Each structure stands twice: as structure tokens, then as C-alpha cells.
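Okay, so here's the structure we're looking at.
The values are calculated or read from the model by the stated rules, or taken from the named source; none is laboratory data. It should be emphasised that the depicted structure is a prediction, and the values quoted were computed from it without experimental measurement. Here the Cβ positions follow ideal geometry from the backbone for every residue, glycine too, while neighbour counts run over all protein chains shown.
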Amino acid sequence: MWMRTTCNLEFQLAYPTPLILMLRARSGPRQWIARESYTLAPVLPVQEYTDIFGNLCQRLTAPAGEFYVRTSADVITRDSLEEAPGGGFVDIPDLPDNVLMYLLPSRYCESDRFGNMAREIVDGLPLGYDQVAQITHWLRESIRYAPGTSAFPLSAVEVNLQGEGVCRDLSHLGISLCRALSIPARLVVGYLHALEPMDMHAWFEAYVDNHWYTFDPTESTLRGGRLAVAYGRDAADVAIYTQFGPPATYSDMQVGVELLEVPPG
């Protein structure tokens, strides 16, 4: 399907402020960026680099006062996503080198504290994809998805104790449960068509059967219409903006996803 995504940020800054933005998606097997617009006001120098996870990052120093970021992209993405019931567990010695980091505990995913719980949730299931599918089902049944309730990321331990959270919080718990079973898992941030309420969205991927598969505990069924912008171990790696120095007064963010009936001309 063809989609148009937009993300507009507005800052009010008391001082010149170093920023790292993460708002440009890469083309890949599941998505193709056909057109892209990225505007800063006021215009200023930007240095772009690729981080250790393969994400495109923009480094700049925003001036004091009003600062705007306007992004738009026309993309073709999949209507549906691959599923692999019965997909096998990948033994640790057979994992690619760049996947190993997604086995380890991280700031918001304390997987070393979830071993017993993870084994109870997947008891009796074959190793691999079916375990992750059961974890996702358990999250939908046990942790309340509550958009707008978390102003800052919660760790997996906090989400489990609280019993509710936003999309990234549920994903943190899902990732931790997967890693506790030695299944690599990573956080994804991006856009989802027809998300309600509309906002940037987070889900997770797990590495089974020698492939990354998508899982989304906030949706009743797995569906396509996604544009992935950033991948990482947890929310600390995939912030759409990171600011340094005195706190910025962040006044507005507007996100949109529009289905295009015909390819853009």
C-alpha cells in the first residue's frame, strides 16, 4: 500500500540547544521511500550519521527561540506482515553477530529478572515463534494498553507491576520476556496507518527461524501499513529527538498517516 506520513515538531528554546533527531526512515525489504521532505525553520547546518543500529540520525544545534521540524514521506509498505507459526528457535552459536546484542538486558528491558515468569507463560509450547506469539497474547490479556498515560518510558519491571502502559511500555515487557528465553528481541518506532489515537507508534520484533518477525501487543491482530523509522534495544536507543543542556519547552508534535489511493505522481 502507498502511504504518506508526516511528523511536525515545534520547540521553544531558551538557549542554543544541541539536538539529535531520528526522523528519517530507510528503505528496505518491507518499505520503500519514494519521496521525502525534511524542513527545518530556521534553516541551519545539519550533520547526518548512521548509529550502531543502522538508524539515520541528524545532529544539529537549534537556536534560542522557536524552532520547527517538518517531515513528510511517501512510502510503499506491505499490506500484511509475515507470520511463521512453528518457526524454530535459533541456537545461540548460530545467531548473526549483529543480533547478539538483542539478547542482553538493557536500560528498560531487565530480561535477567523475568526468567521464571517467561517460562510459565510459554509452558508446553515449541521453542521459537510460538513462544513469542504466546507472550504477545499474554500481554494483550494481562497488561492494559492505555495511550497517553506514560510521559516517560517505563521499564519492563515497572510495566509489569503497574499493569498498564503505552505502546513502548508493553513492548519493553514483551522484549524482556523474549530475551529471558534467549530469543533476540528489539524495539521498533515508526508509523502505523489507522492508529487511534494517531501518534508515533512502537512495537517489537523477535528473531526466530533466522528472520526478524513483527509482534504488536497493542493491536488485536497483526496488520501491515507500518513504516519503521528506528530500531534499538529499547526506548533509550530510538528517541525521535534527544536534546542536551537546559530542558527545552516542547510545545507541539503532530503526526499523520494518510493512505494514498494512487502512487504519487
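For the range 78-97, residues that are in a helix (DSSP H, G or I), acidic (Asp, Glu) and more than 24 Å from the chain's Cα centre (by Cα) total 1.
For the range 195-212, the condition of being in contact (Cβ under 8 Å) with a residue 60 or more places away in the chain, in contact with a Phe, Trp or Tyr (Cβ under 6 Å, 6 or more places away or on another chain), closer than 24 Å to Ile143 by Cβ and of a type in the set (Val, Ile, Thr) holds for at least one residue.
Please pick out the residue among Tyr38, Tyr108, Tyr102 that is among the hydroxyl-bearing types (Ser, Thr, Tyr), within 24 Å of the chain's Cα centre (by Cα) and either surrounded by fewer than 11 Cβ atoms within 10 Å (Cβ to Cβ) or outside the structural domain of Ala185 (by TED's automatic domain parsing) (or both).
Step by step, each of Tyr38, Tyr108, Tyr102 is checked, and only Tyr38 is among the hydroxyl-bearing types (Ser, Thr, Tyr), within 24 Å of the chain's Cα centre (by Cα) and either surrounded by fewer than 11 Cβ atoms within 10 Å (Cβ to Cβ) or outside the structural domain of Ala185 (by TED's automatic domain parsing) (or both).
The set of residues from the range 111-166 being under 21 Å from the mean Cα position of the chain (by Cα) and part of a strand (DSSP E or B) comprises Arg144, Tyr145, Glu164, Gly165.
Taking the listed residues Gly224, Gly232, the one that is under 8 Å from the mean Cα position of the chain (by Cα), outside the structural domain of Glu10 (by TED's automatic domain parsing) and touching a residue at least 12 places away in the same chain (Cβ under 8 Å) is Gly232, with no other qualifying.
For the range 174-188, the set of residues classified as surrounded by fewer than 24 Cβ atoms within 10 Å (Cβ to Cβ) and in a strand (DSSP E or B) consists of Val188 only. Given the condition farther than 22 Å from Leu95 by Cβ, crowded, with 19+ Cβ neighbours inside 10 Å and of a type in the set (A, V, I, L, M, F, W, C), answer yes or no: does some residue in the range 204-218 qualify? Within the range 204-218 (the criterion being farther than 22 Å from Leu95 by Cβ, crowded, with 19+ Cβ neighbours inside 10 Å and of a type in the set (A, V, I, L, M, F, W, C)), the answer is no, since none of the residues qualifies.
Can you find even one residue in the range 13-25 that is under 30 Å from Val99 (Cβ atoms) and aromatic (Phe, Trp, Tyr)? No, the range 13-25 has no match at all. The numbered conditions (1) more than 19 Å from the chain's Cα centre (by Cα); (2) without any contact (Cβ under 8 Å) to a residue 24 or more places away in the chain are all true for Pro29 except (1). You will find that of Ala151, Ala84, Ala73, the residue that is at pLDDT below 95 and either within 30 Å of Leu9 (Cβ to Cβ) or surrounded by 14 or more Cβ atoms within 10 Å (Cβ to Cβ) (or both) is Ala151 and no other.
The set of residues in the range 221-249 that are under 18 Å from Leu187 (Cα atoms) and assigned to a loop (DSSP other than H, G, I, E, B) comprises Leu222, Arg223, Gly224, Gly225, Arg233, Asp234, Val238, Ala239, Ile240. Within the range 52-77, the set of residues being of a type in the set (A, V, I, L, M), part of a strand (DSSP E or B) and either free of Cβ contacts under 8 Å to residues at least 60 places away in the same chain or closer than 17 Å to Pro246 by Cβ (or both) comprises Leu56, Leu60, Ala62.
Tyr15 - would you say it is of a type in the set (Phe, Trp, Tyr), surrounded by fewer than 18 Cβ atoms within 10 Å (Cβ to Cβ) and modelled with pLDDT of 95 or more? Answer is no for this residue.
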